[in-house]
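**Student:** Quick one: the structure is below, and I'll ask about it shortly.
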């Protein structure tokens with residue numbers, strides 16, 4: 001079963017670096033999204049990559065990045081297996097305290113909406129950055145985890161992103177404007193972390209707005225702008241995603257699942273689940289039990 005939402009424990013694992021070989025690992029990578037940023041450097045084969053409705057043909061030496069919450073998928077454009085290096089990281093951990101520049105997270109958030117800031121970089125565009133070395137050094141540091149490994153990885157990722165941002169600037173991306181959205185972006189992104197960590201508890205949108213020091217209407221407008229759905233819908237989506245996991249991988253009854261995922265009772269859970277999935281939790285579990293036997 002493929003999930004649209006891919007969970008990652010960014011609190012305990014804010015950085016990941018590894019080599020993905022489609023000949024021995026799960027493939028294709030079907031449409032999904034996650035809270036962390038992901039950068040891929042193609043080593044072998046030709047990838048057909050889709051992100052937020054756009055398609056890219058990624059050749060060896062090319063690189064592509066996926067912004068947090070961007071829906072993306074990876075297929076092969078030929079019969080040749082793919083090998084590509086992967087960097088995943090929590091953008092919230094990328095601090096630039098002693099810099100005049102806006103926070104990297106604010107710049108990246110602004111870049112996602114700017115045509116000058118393409119997520120795809122051909123080999124000749126990045127040949128001056130030594131991208132392959134950065135990926136490999138990050139992988140080695142995270143494998144060995146010697147003293148200060150997190151500092152080294154942090155600095156490597158920041159260096160890579162700054163070099164990419166400079167290339168965006170050359171194409172007309174205005175990093176100064178990013179600072180205008182920094183405050184709203186910081187608070188909105190922080191609140192999604194709160195929702196994910198407290199989804200099993202009662203959550204009122206009015207209280208979330210207060211936590212962001214925003215009026216309810218201003219918070220609701222900004223939340224929908226950043227995430228494409230209302231805050232209430234977002235909370236429902238996260239809860240239903242967690243219900244899916246518990247239905248598929250545990251034998252807990254609906255009463256217990258409803259308590260653990262923030263629903264008032266099992267009737268409320270069934271109603272919201274059917275709204276998002278078109279079937280009841282029981283039907284959902286039976287359908288996937290049947291698929292597992294096939």
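**Student:** Give the residue, chosen from 129, 157, 151, that is assigned by TED's automatic domain parsing to the domain that holds residue 64 and either out of contact with any helix residue (DSSP H, G or I) (no Cβ under 9 Å at 6 or more places or on another chain) or within 30 Å of residue 221 (Cβ to Cβ) (or both). Reasoning before the result, please.
**Tutor:** Numbers: 129 fails: either out of contact with any helix residue (DSSP H, G or I) (no Cβ under 9 Å at 6 or more places or on another chain) or within 30 Å of residue 221 (Cβ to Cβ) (or both); 157 fails: either out of contact with any helix residue (DSSP H, G or I) (no Cβ under 9 Å at 6 or more places or on another chain) or within 30 Å of residue 221 (Cβ to Cβ) (or both).
Within the list 129, 157, 151, the selection yields 151.
**Student:** Within region 213-230, can you find the residues that are within 20 Å of the chain's Cα centre (by Cα), part of a helix (DSSP H, G or I) and free of Cβ contacts under 8 Å to residues at least 40 places away in the same chain?
**Tutor:** Filtering region 213-230 down to residues within 20 Å of the chain's Cα centre (by Cα) leaves 222-230.
With the extra rule that they be part of a helix (DSSP H, G or I), the set shrinks to 222-227.
222, 223, 224, 225 - these are the residues of region 213-230 that are within 20 Å of the chain's Cα centre (by Cα), part of a helix (DSSP H, G or I) and free of Cβ contacts under 8 Å to residues at least 40 places away in the same chain.
**Student:** Of the conditions (1) modelled with pLDDT of 85 or more; (2) assigned to a helix (DSSP H, G or I), residue 200 satisfies every one except a single condition; which number is it?
**Tutor:** Evaluating residue 200 over (1) modelled with pLDDT of 85 or more; (2) assigned to a helix (DSSP H, G or I) leaves (2) as the failure.
**Student:** Exactly one of these conditions fails for residue 123: (1) in contact (Cβ under 8 Å) with a residue 24 or more places away in the chain; (2) more than 30 Å from residue 225 (Cβ to Cβ); (3) in contact with a helix residue (DSSP H, G or I) (Cβ under 7 Å, 6 or more places away or on another chain). Give me its number.
**Tutor:** (3)
The values are calculated or read from the model by the stated rules, or taken from the named source; none is laboratory data. Model, not experiment: these values are computed from the prediction. As a convention, Cβ positions derive from the backbone with ideal geometry for all residues, glycine included, and neighbour counts pool all protein chains shown.
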